[in-house]
Structures are given as C-alpha cells and as structure tokens.
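Encoded as structure tokens, the structure appears first; notes follow it.
The values are calculated or read from the model by the stated rules, or taken from the named source; none is laboratory data. What you see is a predicted model; the values in this text were computed from it and never measured. Backbone-built Cβ (ideal geometry, glycine too); neighbour counts: all protein chains shown. Each accessible area value is taken on the protein alone, full model and side chains, heavy atoms only, with ligands, DNA and RNA left out. Shrake-Rupley method; radii C 1.70, N 1.55, O 1.52, S 1.80 Å.
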Amino acid sequence: MSSKQLGQFLNENLEDLKVKGLYNVIDPLQSANGPLIQINGRELVNLSSNNYLGLATDDRLKKAAIEAVNTYGVGAGAVRTINGTLEIHLELEEKLAQFKKTEAAIAYQSGFNCNMAAISAVMDKNDAILSDELNHASIIDGCRLSRATIIRFNHSDMVDLRTKAKEARDSGKYNKIMVITDGVFSMDGDIAKLPEIVEIAEEFDLITYVDDAHGSGVLGDGAGTVKHFGLSDKIDFQIGTLSKAIGVVGGYVAGKRDLIDWLKVRSRPFLFSTSLTPADVAASIKAIEILSESTELNQRLWENANYLKAGLEKLGFDIGDSETPITPCIIGDEVQTQKFSSRLNEEGVYAKSIVFPTVPRGTGRVRNMPSAAHTKEMLDRALAVYEKVGKEMGIIQ
Ligand code: PMP
C-alpha cells in the first residue's frame, strides 16, 4: 500500500466510523479526574472514571508521591533488571503480596502490559488457553502473543468451559492448559464464577488466571474477587491494576514465589521497559496501606453505587444485571446511545457511551462508574439530569 493509498484508506474508514456513531471523541480534562471534572470550561458530575475509591486525588497519596519525587526524582532511569529497581519497587511488591495473601508479587508499568507480559512468559505454542469470550483486550492480546491455541468459551458458561476443557485435555495435543477470566467484567459489572472455574480447573488440571482489574478495591472488602470467594490458594495468577481503585498507574501479578521469580527473568516488559516511576510506586504503596487499614472507602463506594443504581432503576432505566458498582444504562442503538451521552454531557453529567466493538452491536450503553468520592448531592444532580434527558429522548416515561 502506497502512502497515498494509506491516506485514502484512513480517510474512508474514519468517515465510516463517524457515520455509524462508532468514532470515539476524546474530551481533555482541565481538572483532576475527581467526582467533579472540568471540560471545556464547564463543571460536570464525573461518572466515567475507574477511580473507584477516589484515591487518584487523595492528599495522602499526593504527599507520598511528592516525597518520592524529592528523594528519587521523576524517572526510574532504567529497566528493572539493569538498575531501575528502587527499594520502593520491592516494598510495593511485598505490600501487594500481603494485600493479595500470596507468597510474592511483581509490578508492571500498566495492567495492559502485565497481561501481555505474564501470559506470554508462561504459555507457548504447545499450550492451550481457555478464555472467556468477554475477556479484556489485553488478555486477548497477551494470549495471541503467547502463540498458544486460544479456545474461547461462552461468557461465564460453565457447561461450555467444562466441555472445552475436557476436549482440550482428552485431545492430548497440549502441554499446559490455562483458563483465563476477568474477575469482574467491565462492561456489565458481572462477577466471574470462580468457584466453578476452580472446580473445572482441578478436574482437568488447568492453570488458573484471574484478571481482577475491576474487582480489586471493590470486592472482598477491597482485596478482590478471589478473596470474595475465599479462593486465594486456588488461583495461580492474580492480576491487578494500580490504575483503578488504587488510583495511580501500573499492573501486577500476585502468586507463588516461583511464578514471580520466573516472571522476573522471563517477562519481556519487566526486562525491556523502564520501571514504574518513583511517584507511581510511592502513591501505590500508600493506597495499599490505606486499603489494608480500613474498609471505609470500600463501604462508601458500595453505598454510592447502591444509591445510584436504585435511583436509575426507579426512573425506569435498564441497568442490566451488574453485581458490582459498574452501572450500565443500556440504550441499545449505537447512534441513540451516543446522543444520550452527549445530552447528559450538555446537562452536566459526564457518562461516556460504550458501543460496538467494545460491546456487541445493539447493546450500546452509557456506563456509570460511581465512586467513594461522590456525595449524595452529586449523585442526585446526576439522577435529575438522567430523568430530564431520558424523558426528552423517550427512553423512560
Ligand atoms: N484488564 C482489565 C480487565 C481492564 O479492565 C483493564 C483496564 N481497562 C486492564 C486490564 C488494563 O489496565 P491498565 O489500564 O492498568 O493498563
């Protein structure tokens, strides 16, 4: 393809996405990503951030980050295995292991890159991976990178998983077989059926891998989905992110010491990409200390989530079957969904539309992410706007 053909290809495809209402518009924030945000000079109630516990703007984390910058500077200066491991990186990993009740943990620069790192460090072309069809994009990419055979099972369908696990094991074709699932599915807020997954894994000798990006800080008094089900000793890989409830940036794997030692010598982002900055590390340590000491923020998150859900349901919106604070408001049609989200925005509520290809066609939704930092007054403001726009567009009566 020549440069001219590339230009034409991009132009036509971008136009096509815009016509179909599938083009992402990015609105830069003029403020911190707190419960209220400033965009284009206007203040909006923010219902789109993953900052579940409000820690992204917490003074205690800011102070820890500033102190770390003063001590260590702004950058770690090298990859972990050269001389980019500061003592605080090790402290963070110890804290993460304690938090997740595992022998050890390893930190990465993001949750996305953690999945790319961990799956491909352990699985290869002689292996198979059973992957929930709704798993996050970073899991899908990590699976592809490993070159293992990918066997998708229907979303949270334990009959399908069992059938496919049995087929894979009976075929005798694979060396290792792994089952991978999100702990909490980020588009619908449903929780993976981990007790059944563990049973199937035991029956067919599968490696277990749970990406708990949206469960950590939220379920199990904050320790996550695995703790929620009391399965800490049954899951080989517990993946988490430092970018959502923890409020900073980064990702991690918690598990047995041998696994973590292996990842430290074999996972490519650990070996070849500069480590987390001192500020990220110090702020994350502080966040984990806060979560380990008290469940207050976690309780406030749930109170707010239940309040918002009850309010939206009472107004007559379809909020799906979420079991977590993630609160979809399902509209259906893509163009209608985007229009609904823009009208909410004009009226002072930032709740982003999520449409195909992130979710299946015809299931467009505005996704609400309440946090511990919202006040009842902010949530009431948002509900009043939902009522106004919902009635105006004929979505509710
Ligand atoms: N896994 C899951 C399940 C996620 O939802 C996300 C974030 N969208 C990630 C991984 C990536 O995490 P991060 O933003 O830290 O890269």
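Are there any pairs with C-beta distances below 7 angstrom linking a residue in the range 29-50 that is assigned to a loop (DSSP other than H, G, I, E, B) to a residue that is modelled with pLDDT under 95, with the two at least 6 apart or on different chains, and if so which?
Partner pairs satisfying both residue conditions: 48/352.
Collect the residues in the range 110-151 that are polar (S, T, N, Q), touching a residue at least 60 places away in the same chain (Cβ under 8 Å) and either more than 14 Å from residue 239 (Cβ to Cβ) or more than 14 Å from the ligand (Cβ to nearest atom) (or both), keeping them in residue-number order.
Within the range 110-151, 120 is the sole residue that qualifies.
Please indicate, with yes or no, whether at least one residue in the range 282-300 is under 27 Å from residue 122 (Cα atoms) and either outside any helix (DSSP H, G or I) or away from the ligand (no atom under 12 Å from the Cβ) (or both). Explain how you work it out, then say what you get.
Applying the first criterion (under 27 Å from residue 122 (Cα atoms)) to the range 282-300 yields 284.
Still in the list and also either outside any helix (DSSP H, G or I) or away from the ligand (no atom under 12 Å from the Cβ) (or both): none.
Looking for residues that are under 27 Å from residue 122 (Cα atoms) and either outside any helix (DSSP H, G or I) or away from the ligand (no atom under 12 Å from the Cβ) (or both), one finds none in the range 282-300, hence no.
I'm trying to understand the selection: among the residues of the range 313-329, which are of a type in the set (A, V, I, L, M), assigned to a loop (DSSP other than H, G, I, E, B) and open to solvent by 10 Å² or more (accessible area, probe 1.4 Å)?
Result: 319, single match.
Which residues, counting only those in the range 106-121, are over 18 Å from the mean Cα position of the chain (by Cα) and more than 21 Å from residue 153 (Cα to Cα)?
121 - this is the single residue of the range 106-121 that is over 18 Å from the mean Cα position of the chain (by Cα) and more than 21 Å from residue 153 (Cα to Cα).
Residues in the range 153-176: is at least one open to solvent by 40 Å² or more (accessible area, probe 1.4 Å) and within 13 Å of the ligand (Cβ to nearest atom)?
No, the conditions are met nowhere in the range 153-176.
Which of the numbered conditions does residue 44 fail, given that it passes all the others? Conditions: (1) surrounded by fewer than 17 Cβ atoms within 10 Å (Cβ to Cβ); (2) outside the structural domain of residue 272 (by the TED database).
(1) is the only condition that residue 44 fails.
What tally of residues in the range 180-206 results from selecting those that are closer than 20 Å to residue 319 by Cβ, aliphatic (A, V, I, L, M) and open to solvent by 10 Å² or more (accessible area, probe 1.4 Å)?
Going through the range 180-206 one residue at a time, the tally reaches 2.
Only residues that are touching a helix residue (DSSP H, G or I) at 6+ places or on another chain (Cβ under 6 Å) and either in a strand (DSSP E or B) or crowded, with 24+ Cβ neighbours inside 10 Å (or both): list them for the range 223-236, please.
Residue satisfying the conditions is 235 alone.
Just to verify a result, which residue in the range 241-275, among those that are in contact with a His (Cβ under 9 Å, 6 or more places away or on another chain) and over 15 Å from residue 92 (Cα atoms), is farthest from the ligand (Cβ to nearest atom)?
Filtering the range 241-275 for residues that are in contact with a His (Cβ under 9 Å, 6 or more places away or on another chain) and over 15 Å from residue 92 (Cα atoms), the one farthest from the ligand (Cβ to nearest atom) comes out as 245.
Could you please give the count of residues in the range 207-222 that are under 14 Å from the mean Cα position of the chain (by Cα) and either within 13 Å of the ligand (Cβ to nearest atom) or surrounded by fewer than 22 Cβ atoms within 10 Å (Cβ to Cβ) (or both)?
Selection size over the range 207-222: 9.
Could we say that residue 105 is assigned by the TED database to the domain that holds residue 172, part of a helix (DSSP H, G or I) and buried (at least 21 other Cβ atoms within 10 Å of the Cβ) here?
Spelling it out, it is not the case that residue 105 is assigned by the TED database to the domain that holds residue 172, part of a helix (DSSP H, G or I) and buried (at least 21 other Cβ atoms within 10 Å of the Cβ).
List every residue pair whose Cβ atoms lie under 9 Å apart, where the two residues are 6 or more positions apart in sequence or sit on different chains, the first residue falls within the range 230-242 and is closer than 13 Å to residue 257 by Cα, and the second residue, located anywhere, is assigned to a loop (DSSP other than H, G, I, E, B) and within 16 Å of the ligand (Cβ to nearest atom).
These pairs meet every condition: 238/183; 238/212; 238/216; 238/224.
So which residues in the range 192-222 are assigned to a loop (DSSP other than H, G, I, E, B) and farther than 18 Å from residue 303 by Cα, if there are any at all?
192, 193, 205, 206, 212, 213
Can you pull out every residue in the range 307-336 that is of a type in the set (A, V, I, L, M) and free of Cβ contacts under 8 Å to residues at least 60 places away in the same chain?
Correct list: 310, 319, 330.
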